[in-house]
Every structure is written in C-alpha cells, then in structure tokens.
1. Restricting to the range B:274-295, name every residue that is assigned to a strand (DSSP E or B) and among the basic types (K, R).
2. Taking the range B:160-183 as the region of interest, how many residues are surrounded by 17 or more Cβ atoms within 10 Å (Cβ to Cβ) and either in contact with a Ser or Thr (Cβ under 6 Å, 6 or more places away or on another chain) or not aliphatic (A, V, I, L, M) (or both)?
3. Determine whether the range A:18-26 contains at least one residue that is touching a strand residue (DSSP E or B) at 6+ places or on another chain (Cβ under 6 Å), modelled with pLDDT of 95 or more and under 30 Å from B:L219 (Cβ atoms).
4. Considering only strands (runs of 3 or more DSSP E) fully contained in the range B:15-99, which possess at least 1 residues that are within 14 Å of chain A (Cβ to nearest Cβ), touching a Leu at 6+ places or on another chain (Cβ under 9 Å) and closer than 18 Å to B:V117 by Cβ?
5. Tell me, please, whether a residue that is hydrophobic (A, V, I, L, M, F, W, C) and farther than 30 Å from B:S33 by Cα can be found in the range B:139-149.
6. Is it true that A:R38 is crowded, with 20+ Cβ neighbours inside 10 Å, under 30 Å from A:P318 (Cβ atoms) and in contact with a strand residue (DSSP E or B) (Cβ under 6 Å, 6 or more places away or on another chain)?
7. Within the bounds of the range A:233-253, is there any residue that is surrounded by fewer than 20 Cβ atoms within 10 Å (Cβ to Cβ), within 14 Å of another protein chain (Cβ to nearest Cβ) and in contact with a Pro (Cβ under 9 Å, 6 or more places away or on another chain)?
8. Quick test of your reading of the structure: A:Y61 fulfils all but one of (1) over 30 Å from B:P287 (Cα atoms); (2) crowded, with 16+ Cβ neighbours inside 10 Å; (3) not assigned by TED's automatic domain parsing to the domain that holds A:L289. Name the failing condition by number.
There are 2 protein chains.
Amino acid sequence: MKPLASLIPLDEAKKLVDENVQPIKRKEHVPLSDLLFRILAEDVVSGIDVPPYDRSAMDGYAVRAVDTFSAGKFEPVELRCVGVVHAGEVPSKKIGPGECMQIATGAMVPEGADAVVMVENTERIDDVVQIFRAVPPGSNISKKGEDIRAGTVVLRKGELLTPAKVGVIAALGMSEATVYAKPKVLIVPTGNEVAEVGKPLNPGQVYDINSHTLSSILLENGCVPVAHSIVEDVAEELKSVLKKANDYDMVVLSGGSSAGERDVLEQVISELGRVIFHGVQIKPGKPTLFGLIGNTPVFGMPGYPTACLTNGYVFLLPAARKMARLPKRQEVIGTFPMAKKYAATLGRHQFLTVRVIDGEVYPAFKESGAITSIAHADGWIEIPPNVDIVEKGTNVEVHFF
Amino acid sequence: MKPLASLIPLDEAKKLVDENVQPIKRKEHVPLSDLLFRILAEDVVSGIDVPPYDRSAMDGYAVRAVDTFSAGKFEPVELRCVGVVHAGEVPSKKIGPGECMQIATGAMVPEGADAVVMVENTERIDDVVQIFRAVPPGSNISKKGEDIRAGTVVLRKGELLTPAKVGVIAALGMSEATVYAKPKVLIVPTGNEVAEVGKPLNPGQVYDINSHTLSSILLENGCVPVAHSIVEDVAEELKSVLKKANDYDMVVLSGGSSAGERDVLEQVISELGRVIFHGVQIKPGKPTLFGLIGNTPVFGMPGYPTACLTNGYVFLLPAARKMARLPKRQEVIGTFPMAKKYAATLGRHQFLTVRVIDGEVYPAFKESGAITSIAHADGWIEIPPNVDIVEKGTNVEVHFF
C-alpha cells in the first residue's frame, strides 16, 4: 500500500499517449461491402475510362450537330429516325447525313452522331423527327473517359471511405480495395473479485463491466477488440499475458482498483517494457497507467467503471483513432446551464458524468464505483483543476457519449 | 417519353416519407458484444443488488466506527488487526470490539465492521493499527444494493445503448438484451445498362454504383442492407421482385435514369400498392419516387450516382433512422465562404456536392452522371429554390458526408 509516486497533468498525459502511439502500417484487402469507413492504404487508380463509352445524358435523339444548325423554334429541321438505342444496348447502325436515332439517357451514342437533342425540343411524326433547336457538337453527350481516364488516380492513400467513396470504388468496377488493417486490441480484465457476465456471482465478486465499455469504445473507433479471459492480479499471471503483448497492436488492462494491484501491474510492465506514466491529475481515474512493451502501447485503466469509462474517452479513444488512422472524433457537445451547484476537487481535472434534463445539467455522478453514475448519464463535463465550485446556472459544455 | 406529372416541394416530400415510415416493432435477443448502438426493446431490470455485498471503497482498515470516535490527529486509537481481506475474498472472521481488518478497495466488508478508515489515516506496527481519524458509521463503504436494488428498472425501453449503457448491462451480469431488430432493407439495382462490380463491362454498360452508396448509408444508420441481383427495367421483372416487398422492412430501387424506365416503376408500384410521390422540386434527383406496398415503404432512387447519393442522405437516411428508432443524425456542418461564384437553378432546391480546400468551398459537381462529382467531394451545400446566384465569398453551410 503506497500512494502513486507522482501525478502528471492531464495535458502531459495526453501528449505522452499521442507520442507513443503510431498509425498502423499493416494493410489488408477488403471486399467492397466491408469498405465503409476504412482508410485507403493505396491510391485507387482507375482501370477503365468513365464513362466507358460516349453516353447520352438525356432522353432524346442522337444527331449530327451540323444537321441541326438551321433549326429554330418556328423552323424545325426534319430528320429521319433510323432506329432506337436503349441503355445497355449497342446501336444497331451508324447515323448518316439527315438521319437521327432515338436514344435513352445512359445509352451509347451511335457512330456518326456527335450530339443529342433533348426530347422536349423535338416532335415526332412516324419516322420523321422535327428538331426545334440547333445544338453544337458534343451537346448532351458525356464523352468516353471525360469523367475519369483509365490510369488516373481517383482516390488517394489515407482517404476515409465514406458512402460516396465506396460508390466511387464501385464505379471503377473494383470488388475490393487495399485498406489499413483495423488495430487488434487485447482487452484484459483483471482482478480477483471480477466475475464473467452470464455466470452466477460468488460472494465478494462483481461483474466485469470495463471490458465491455472499453470494447464498445474501441469498436466505435475503428479497432477490433479481442477479449481475454479474466486474469488474477498476481505478477506471474499478468506477466504471462503481457508477454503476448506484441501479438497485438495495443493492450488494455482494466481492473486493479486497489493500490496493491496497481503496483503489481506497474512492476510487470517495467520488467517487460517501460512505464511512461502512472498517475494523472484527474478525477476520477487518477491511477491510470500507460507504457510500452516493445512498440505495443499498454494501458492500465482504473478499475472503477466511471473512471474507466471517462478515461476510455479521454485517453484510449484518441489513441485508437490515431492508430486506426481515423480523423479526430466529431464530438457532440452542447452548452447548458448547471441545474445545481457542484463542489469540485481543487488540483485535479475532473470528469463529471451528467444528465441533461429539460435543458439543464444535473450531475449523474454518485461515486466512482456506482453503476448509476453511468447508467443515468448522457455524457460528461470537464471541470479544470483550478475550479472548486461550479455555481448553479453556470454554462457548461456537455460532451455526449 | 413523358415528363414527370407534377413535382412536389422538398419539404412536402420529406414530410410524406416521414408519415409513411414507422418505427420497427420486431425484437430480438442480442449478445452483449453486439449491443453497441442498438435500441432497447424492453426495460432492463436488475436481477441483483449492486454492489452485491457491503464493499470497501478504499484501501484501509475495516473497523467498528464507534471504536474510532475518540481518535484524533495527535491521539490515535489503537486497534488489533485480525486479518486481511483482498478483493474477491470472503472475510475469514468477524470484527469484535477493539479489532480491525486490513481491507482492499472493492473487497467485502467483514461482519461486525461498519466503516473503513483510509490507509492514509493509519499507521501499522506489527498487528497494531493506529487510527488517526474518527469515522462515522458507513464511512468508505458502499452498502449492498445501495447503487441498484434487485428489481429496479435500470435502463428503459427505447434507450440507445452507448458504450456506457453496454457497461451497465454487463454490471447486472446479463450476457444479452432484447433490442429492436435492425430494419432489413432490400436494395435492387435496376437498369439494362448496369453491370455488377468485379465483372468485365460489355459495350454500353456501366458499373452498379448506387447499390453500394445506398448500402453504405443504410449500414451507417442502423439497417441491414440486403443486396438483390441486377434487375432489368421491364415491368414483369420488377413486378416479380416487388411482390416480395413485404418480406423486407423497406425496399430501395436504384437505377432507371431514363423517363421510360421511371414510368415502368411507377406503373408496377401502382399495381402492387400506391405511389405517394414521383418527382420532387430538387436538383439533382428530381425523378425520386416513393410509395408503399402493403406497409413496406418503397423508394425509387434516381439513377445518376450524385443524385442517388444526395437523395440517399436527404430521404433514405431519415427514413432508415426513424425505422431503426435511432435519434436524429448528428450532422457535421461547417460554415465556409464560397471560393467562386456559382449559378444555381431557380425553382428547384439544389444539392451541390462541394469540396473544402483551405477553408473555402469549391463546387465538386460536374454533372449528375460524373463520378468525380462525388469522388472529390467532402459533402454538399443546399441552395434554396429562390436563389439563382451564389456569389463568391458567400458563407455556406457544408453538410459533410
């Protein structure tokens, strides 16, 4: 039983995490249906011209533009319609002087034609089509390769594949793409008192919560959580688990709420790698530990569920996104007045879980160990270390979960 | 070839979609690891007391509070330490008068003890513990059931399961929960010119893009897209597909960019159900169609990829979220000045895909058929029907994809 050696400020802890977490380099081929929100690991180069053929942009008539030059609203030109081409078809003939062909939007423009007249500017009488507007060459035609030439880089390495960009990959006919792998994160619940969900509790046990909140945060932020079974807080057990750290991109231990348990973890990480910090000037979540085993970042999260959850958002989430190469999280933040006065802790940056009811902010936090501190919370507010009282009516920024 | 009978305003179309889409009623049991961002279909009632036993909130000594009442900073009380209880253990004995037991955070409080003195307020010499602070009964103990009593409703039907709430379900020892099913949405690519991704193109064909952008939007918004094979734009084919509409919660057809194809779809939906609107005063995406077959909403999306994409965000996304019971999408919107003048179309609400470069907004839109209209876009801006020119420097709101 000894206190934490030294607490470091929140910003320093964040910076140390950021400096020691590197974007993933591993790549994988992923089928089109699984590409959403993945990050391209290679430029996407088109293998085809888009459009792949001269294509009509309108329903109308394919013509030789020169044949329409004398047409006007009251002096139509008359052309002979020699056929029809629907989308997906190859035109049955060429267009000669004085001829035209009915054409659908998206259909292939017949040889000889160099423009399309919109149906609205025509009138058809049997196989004679009256053209009421002169069109220059190229009108209403998307030329082969006009949009994208074969060989062009269409999307670049590092781009996030939004629905639009998934569509772009489909447009090139590609059924897969090369993206960065999702970081594989081992989640290790620790603690002699922790029991697995779904099994009956023995006396003195509580259910494992933190694995599930942390897995959820990792899932939401581009990682693949891998669940380890519950590990006892003894050095040999932790060591045998952490020797496998380099099989993963990151390791997160949760549990170990007592000082003794934390010391064991610190000792084991020191032996296998190095501890970068242990103890942060925050509340709750002071005993958070961060280290490296080889190049694998290792988080030791506090055991109390509220502390573990807010630490998950504050430290683990940015690390996960940086490693997964995702852009910064778009936080949902709302500003509302406090419904009541709240006494904070001087000297520690506080994360207070809160609920927003009728536009006012109520503390949801009871104590770090309470589940209702998170069950009834919509998000959290941050109270800087130099504030001891947040008065009723003060506007605060709520970070929504 | 005929024009759309009548275009309705954007807001009316949105309202009609909203009125005809109902939140899903089907429920399913889902394991804990898959509950993230699902919607509870039943209240979650705790089957256990939390904490499940009187639990120490601190590292320290379990005592009878009355024995500490005379303790002070300079006048410690001395108690005899009769053992130690670690987290996960059952205390080996009761505490009698003048006795105490070393206890870890999270451990079970021994019988006879009614308070815990923090280790910081003690000094131990062999089996004698000096107590330097008087504590009232209950100090540093979380009483059995204090946080949640067995039988209490902890989460309510309709709540969104954020990481915090997934943790709450774990805290109760539940390995699954009852949530609303994700709406199953059939996506039907139509068009004689449309080819499946991954296969070579025949002359006059283009790849199916819209299925993939729409699937992505549905995936992101709580639905399960089910891909149908490509269907020819002929009445019998469409009819045989749409007769199965009631096997799905929603059907989305994409393709059919020419007026003739749209007419076929309108006719088939009229025969099997009813068309609610066909044609909206927007650009691009004017020929959007919406109807019902039985209670199943059916969207006919425009064939052009840009039109299909923006329509996907404007009409399909809110419908998907309402059906999936998800809260309104938290749109990411940024306000930036236009980098250049843009001429819009009077009388139609325009969705213009744009790119933001160095804090300025550039139109990405070339034409509805162009893939680069979406490949190089970050989002879109909306231009109201009564605006014909957006001047350089005008601040516009970019809706990011």
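1. B:R274, B:K283
2. Qualifying residue count for the region: 10.
3. Within the range A:18-26, one or more residues are touching a strand residue (DSSP E or B) at 6+ places or on another chain (Cβ under 6 Å), modelled with pLDDT of 95 or more and under 30 Å from B:L219 (Cβ atoms).
4. B:60-63
5. Yes.
6. Numbers: crowded, with 20+ Cβ neighbours inside 10 Å: yes; under 30 Å from A:P318 (Cβ atoms): yes; in contact with a strand residue (DSSP E or B) (Cβ under 6 Å, 6 or more places away or on another chain): yes.
So A:R38 passes the test.
7. No, there is no match, as no residue in the range A:233-253 is surrounded by fewer than 20 Cβ atoms within 10 Å (Cβ to Cβ), within 14 Å of another protein chain (Cβ to nearest Cβ) and in contact with a Pro (Cβ under 9 Å, 6 or more places away or on another chain).
8. Looking at each condition in turn, A:Y61 falls short on (1).
The values are calculated or read from the model by the stated rules, or taken from the named source; none is laboratory data. All figures in this text were calculated on a predicted structure; none of them were measured in a lab. We place every Cβ from the backbone using ideal geometry, glycine too, and count neighbours over all the protein chains shown.
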